Amino acid sequence: MTEPFASRGFRRRPQPSATAGRLPPGQYETPDFPVLSAGPTPRISLATWDFALRGPDVPVARWTRDEFQTLPHETVTVDIHCVTKWSKLDTVWEGVSVDTLLVEAAAHGVKPAPYVLAVSDGGYTTNLPLADVTGGKAWVAVKFAGAPLEPEHGGPARLLVPHLYFWKSAKWLRELRFMERDAAGFWESFGYHNYGDPWREQRYAGDP
Amino acid sequence: MKGEALRLDGNAAAGILSEVFVPDLTTAQATCANCGTIRAMGALPVYAHGMGTVMRCPSCDAVILRIARTRNKLWLDLTGARLVVMAAAAAPTVV
Amino acid sequence: MSPASVPIASRASAIAWRFATVASVVTETPRARTIVLDVPKWPGHRAGQHVDVRLTAEDGYQAQRSYSIASAPEDARIALTVERIDDGEVSPYLTDVLGAGDRLELRGPIGGYFVWDNALSGSLLLVAGGSGIVPLMAMLRHRAAALATADMRVRHRVPARLLYSSRRWDDAFYRDELARLVQNDEALEVAFTFTREPPEGWTGFRRRIDRMMLAEVAWPPRERPRVFVCGPTPLVEAVAAALVELGHDPALVKTERFGPTGGST
C-alpha cells in the first residue's frame, strides 16, 4: 500500500491559535478580504439607486438613497464565513437592520411571507427563510470598516447575514422579495446548500 | 465594457471544462442565448468565482455557461448558450 | 512534436493528473525561477498552453494554480517560470521550497485558444507585462526551433515583435536569451519598457504601454498581424483597447489576463 502523495514541505498558511475556537469546521482565517464575483461589478449611480421590499403582491416599499440614509443605522461587529473556506473575524459594518425595514414596510402595507429572495443588480439572487433575516440577524449594509462600501465588496449596499455562509450576503442588493414558497437562488440552484449553516458545514446540496 | 479587475479570459476555464468535454471548448464558437453575439469561448469573460466558473457574454453580460464542482459532482449550466460549435476530431480506430 | 502529429487520443489524457519530477531549477530573477520537469507520457503541447499544478499538504489540504508553459513544444522536458507573490500560497513554495528530485502533481496541456504555431501565417506581435512573458516566450522558442531546422519547407521566417513591460531591468525574465534570439534573427525585434526604474543610461521606453507606444511598435492594422497579449489584467485591458482603437481587428487580438496581481499566488 503506497503512502498518499504529499508535496514535500508544503503547508497551508498557519492559523493564529487564538481564533481557532471561533472558526466553523473546515474554515481558516484570512487577514485579507477576498473579492469573489460571478460577474462584472455593477456601476450604480447613487442618484438613481433605490432599494425595495416587495411583498408577494403589490404594494412595495421603496427607498431612494436619501430616504434610506434617514433610517436608523446600526454598527455591528461580526465574523463572516465564505463557503470557499476563508473566514474573516471581527468585521465592522454599518447598515439598517432588516427588522427596521420590516417595521417601515408594514406601514406601507407590505406583509412579509415565510421566504425571502434577495435580488441584486447584475441578476444575482439568493434565498433565505424569513426567520433568518429577522430577530437581529440581518442588515442592509452600506459601510464596511467605517467607510462607504466599495463597489467590489457590494456597494452601495449589500445584504449582511453573518450566521450563514457569505454567498447569502448578496452584493449590490436592490430588493428583498417576500415569497410564499421557497425558490432557489443562483448558487442554491447550482450545487450549493439551500440553507448554508457554516456551523453544520452545509456547503453543498445534499449535505445534512 | 468597463475594465474589471476580477475577470479573466476563456483560458481560465479551460481546465475545468476539460473535465467535462473532450474537444477543447475554448476554441468553440458560442452563441449567446440572450443577445445572439457569437464569440470563441476562449475570448469570453470568465469569472472564476471560487464557488464556480462563470463565462459571460462580452456584449450583454448574460451568463453563457457556468460550471461548478461540489464534492463529487460537476454542475453544468449551458442554458445561456443557444449554440456551441466546435471542430470535430476524427475519432481514432482502436485496433 | 509538431501539432499536426499530436495523436487525437492524447486529448483524452489531458485531464489526467500526473506526477512530474523536477529535473532542475534555474534562477531567472531575484523573484522568479524556472522549474524544468520530466513528465512521464507527456502528450506534447502547443506554445501558449498552460498546466494546472496541485500541491497537497500532509493533512490532505490542496491548493491548485495554473502556470503557463515556458518551454517550446520541441523540448523533451517542460519548463514553468514562476514569480514569487509575497503572501501567496503556492508561488513561494514553487520558488523557495521545491527542488530537484521533488515530485509535482500537474495536469495538461490545457487551452487551445491562446496558442501560436509556426504553421500560422501572418506577422506575430507579442505584448507582455510582467510574468505574462512566459507563454509568449514559449511562442518565440517554438519559432526559433523552426528556424533552426534544416527542413526548408518548415523554415520560413514569420516576422515577430515582442513588446515587454517590466518594472525594472532586474525583473525582466529571459533577457540574455532574448538578446541571443534577436542577434540570430533579423526578422525578430524586441522592445522593453520599464515602468518603475529603467536601467542607467536607458534610451528605450520608460513608461506603461500606451497607444502611442503600440502605434510605434505594432505593424499597421492593414498588415493584419496576429497579436497575443498577456500579463496583469489592467495592462491587458489597456493594450487590447488601444490596439482596437488603432484599427486592429479584435478577432486577431488574443488576450490572456493573469488577474489583478499578474500572477498565480
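Structural remarks
- Residue in segment C:236-247 that is in a loop (DSSP other than H, G, I, E, B) and within 24 Å of residue B:38 (Cα to Cα) present: yes
- Looking only at residues of segment B:22-32 that are crowded, with 23+ Cβ neighbours inside 10 Å and in contact (Cβ under 8 Å) with a residue 24 or more places away in the chain, we find that the one that is farthest from residue A:37 (Cα to Cα) is B:24.
- For segment A:74-103, a residue qualifies if it is crowded, with 18+ Cβ neighbours inside 10 Å and more than 19 Å from residue A:23 (Cβ to Cβ), and the qualifying residues are A:93, A:94, A:95, A:96, A:97, A:98, A:101, A:102.
- Near pairs, Cβ below 7 angstrom, 6+ apart or cross-chain, from segment A:27-44 (within 13 Å of chain B (Cβ to nearest Cβ)) to any residue that is of a type in the set (Asp, Glu) and in a loop (DSSP other than H, G, I, E, B): A:39/B:61; A:40/B:4; A:40/B:61; A:41/B:4; A:42/A:121; A:44/A:121
A quick yes/no check of all residues on (1) charged (D, E, K, R); (2) closer than 30 Å to residue A:14 by Cβ; (3) touching a residue at least 40 places away in the same chain (Cβ under 8 Å):
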{"site": "C:41", "(1), (2), (3)": "yes, no, no"}
{"site": "C:61", "(1), (2), (3)": "no, yes, no"}
{"site": "C:67", "(1), (2), (3)": "no, yes, yes"}
{"site": "C:95", "(1), (2), (3)": "no, yes, yes"}
{"site": "C:102", "(1), (2), (3)": "yes, yes, yes"}
{"site": "C:109", "(1), (2), (3)": "no, no, yes"}
{"site": "C:130", "(1), (2), (3)": "no, yes, yes"}
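Let's see how each residue does on (1) in a loop (DSSP other than H, G, I, E, B); (2) in contact with a Gly (Cβ under 6 Å, 6 or more places away or on another chain):
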{"site": "A:127", "(1), (2)": "no, yes"}
{"site": "A:135", "(1), (2)": "yes, no"}
{"site": "A:163", "(1), (2)": "yes, no"}
{"site": "A:174", "(1), (2)": "no, no"}
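- Among residues that are of a type outside the set (Lys, Arg) and touching a Leu at 6+ places or on another chain (Cβ under 6 Å), residue A:155 is included.
- Only one entry in A:134, A:91, A:77 is at pLDDT 95 or above and within 30 Å of residue C:64 (Cβ to Cβ), namely A:91.
- Scan of segment C:210-259 for residues that are under 24 Å from residue C:188 (Cβ atoms), away from chain B (no Cβ under 14 Å), acidic (Asp, Glu) and free of Cβ contacts under 8 Å to residues at least 40 places away in the same chain, ordered by number: C:210, C:216
- Residue that is farthest from residue B:51 (Cα to Cα) [pool: residues in segment A:167-208 that are surrounded by fewer than 22 Cβ atoms within 10 Å (Cβ to Cβ) and aromatic (Phe, Trp, Tyr)]: A:178
- Residues in segment C:76-88 that are acidic (Asp, Glu) and touching a strand residue (DSSP E or B) at 6+ places or on another chain (Cβ under 9 Å): C:83 alone.
- All positions within segment B:58-79 that are within 9 Å of another protein chain (Cβ to nearest Cβ) and of a type in the set (Ser, Thr, Tyr): B:70
- Inter-residue pairs, beta-carbon under 7 Å, first on the phi > 0 side of the Ramachandran plot and in segment B:33-44, second surrounded by 21 or more Cβ atoms within 10 Å (Cβ to Cβ) and assigned to a strand (DSSP E or B), 6+ apart: none
- Of all the residues in segment C:78-96, those that are surrounded by fewer than 17 Cβ atoms within 10 Å (Cβ to Cβ) and in contact with a Pro (Cβ under 6 Å, 6 or more places away or on another chain) number 0.
- Scanning segment C:197-225 for residues that are loosely packed, with under 14 Cβ neighbours inside 10 Å and under 16 Å from residue C:128 (Cβ atoms) turns up C:204, C:207, C:210.
- Selection from segment A:176-201 of residues that are within 13 Å of chain B (Cβ to nearest Cβ) and either farther than 28 Å from residue A:41 by Cβ or not in a loop (DSSP other than H, G, I, E, B) (or both): A:192, A:201
- Residues that are acidic (Asp, Glu) and at pLDDT 95 or above within segment C:30-67 comprise C:38, C:52, listed in sequence order.
- Single condition residue C:164 does not satisfy, out of (1) in contact with a helix residue (DSSP H, G or I) (Cβ under 9 Å, 6 or more places away or on another chain); (2) without any contact (Cβ under 8 Å) to a residue 40 or more places away in the chain; (3) outside any strand (DSSP E or B): (3)
- Verdict on residue A:9 being farther than 30 Å from residue B:60 by Cα, part of a loop (DSSP other than H, G, I, E, B) and either touching a residue at least 12 places away in the same chain (Cβ under 8 Å) or charged (D, E, K, R) (or both): no
- Scanning segment A:132-144 for any residue that is over 22 Å from residue A:36 (Cβ atoms) and of a type in the set (Val, Ile, Thr) turns up at least one such residue.
- Residues that are assigned by TED's automatic domain parsing to the domain that holds residue C:216, more than 11 Å from the chain's Cα centre (by Cα), among the basic types (Lys, Arg) and outside any helix (DSSP H, G or I) are absent from segment C:67-87 altogether.
- Within segment B:8-24, tally of residues that are within 8 Å of chain C (Cβ to nearest Cβ), in contact with a strand residue (DSSP E or B) (Cβ under 7 Å, 6 or more places away or on another chain) and assigned to a loop (DSSP other than H, G, I, E, B): 4
- Unique match (being over 30 Å from residue A:202 (Cβ atoms), within 14 Å of chain C (Cβ to nearest Cβ), of a type in the set (A, V, I, L, M) and out of contact with any strand residue (DSSP E or B) (no Cβ under 9 Å at 6 or more places or on another chain)) among B:28, B:87: B:87
The values are calculated or read from the model by the stated rules, or taken from the named source; none is laboratory data. The structure displayed is predicted, hence computed values, not measured ones. With ideal geometry, Cβ positions are generated from the backbone for all residues, glycine too; neighbour counts draw on all protein chains shown.
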